[in-house]
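Before any comments, here is the structure.
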Amino acid sequence: MIVYFEEQSTTDWGLKLYDFQLSPPEPQTVYVDVPFRDGPLDFSTALTGGIVRYKNRTLTMGFDFSGSWSEWLTAISKINNTLLGQKLRIRTELEPEYYYLGRCTVSNLKDSFAIGSITITATCDPYKYKLSPTVKEFDVSGSLSVTLPNDRMPTVPTVTTNTEITVQFGENSIVFPSGTRRAPALLLTEGENRLTLTGSGHIKFEYQEGAL
């Protein structure tokens, strides 16, 4: 399997993957014990609007390297210059539509003249991100009901309009003047997010989707 770090790949460095471990993101939980009560109170989503937040996850990859000492030193130099301490997009052939965003560390060992091994570890965001942002565009004349599909990660879209358009989203009514801006009140959650658009003009929603 080939692993890509931004535009560089492990084949560019002569590496062959033999181990791939990705830890699941751990939910951030807050429990408070209360005397004389059965079980603790769960405040995990008390300040997040009911949305579960997660800790980072760890991606660990082991690679074999075959080559001379000179080739080994050249490969290690390239790998360290590209990865060490950098926060990069990481993707694989198995999930071509998603990438992980993580800060990388590198450890290596040369066992013999011909064989070496490298371990690359990345501390990644809890969500894997879709490779390309989602874009939805609509022409509005009067009132129009639309849906914006979203993956697991809550996200706020960037909205661009060529004239003033009102967006009704749940109990929120948001007026978007001509131009581009983000509106925290337009928080898209998992599933089909239903909106009602009112006005006359063109509107574009652009947002980043992510999954666990």
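Within the shell defined by Cβ-Cβ distances under 12 Å, the residues around Ala211 carry a net charge of -3, with Lys and Arg each +1 and Asp and Glu each -1. Sites listed here are GluC sites (Glu not before Pro) in segment 1-90 whose DSSP assignment is loop and whose Cβ has at most 10 other Cβ atoms within 10 Å: Glu7.
Only lysines eight or more places from Lys87 in sequence, or on another chain, were considered; those with a Cα closer than 20 Å are Lys55, Lys78, Lys128, Lys130. Within segment 41-70, find all residues whose amide N lies under 16 Å from a label point positioned 7 Å from the Cα of Val34 along Cα-to-beta-carbon. Residues passing the 16 Å test: 41-47. Taking a sphere under 15 Å around the Cβ of Asn56 and counting the other residues whose Cβ falls inside, with K and R at +1 and D and E at -1, yields a net charge of +4. Each 5 Å bin from 0 upward holds the following percent of the Cα-Cα pairs of segment 1-80: 3, 11, 15, 14, 10, 8, 7, 8, 7, 7, 5, 4, 2, 1. Rounded to the nearest 10 degrees, the inclination of helix 69-83 to the longest alpha-carbon principal axis of the chain is 20 degrees.
If you work out Rg/Rh (Cα atoms, Kirkwood Rh) from the coordinates, which of [x] 1.13; [y] 1.03; [z] 1.18 do you get? Given [x] 1.13; [y] 1.03; [z] 1.18, the structure-derived one carries the label [x].
For Lys204, the lysines whose Cα comes closer than 17 Å to its Cα, not counting residues fewer than 8 places off in the same chain, are Lys136. Take the Cα of Glu190, step 7 Å toward its Cβ, do the same at Lys136, and the gap between the two points is 1.8 nm.
Dividing the C-alpha radius of gyration of segment 66-147 by 2.2 N^0.38 Å, with N its residue count, gives 1.77.
Charge tally around Ala122: other residues with Cβ under 15 Å, Lys/Arg +1 each, Asp/Glu -1 each, net +3.
Throughout, read-outs are computed from the coordinates displayed, never taken from laboratory work. Owing to the predicted nature of the structure, the values given are computational and were not obtained by experimental measurement. Here the Cβ is made from the backbone with ideal geometry for all residues, glycine too, and neighbour counts use every protein chain on show.
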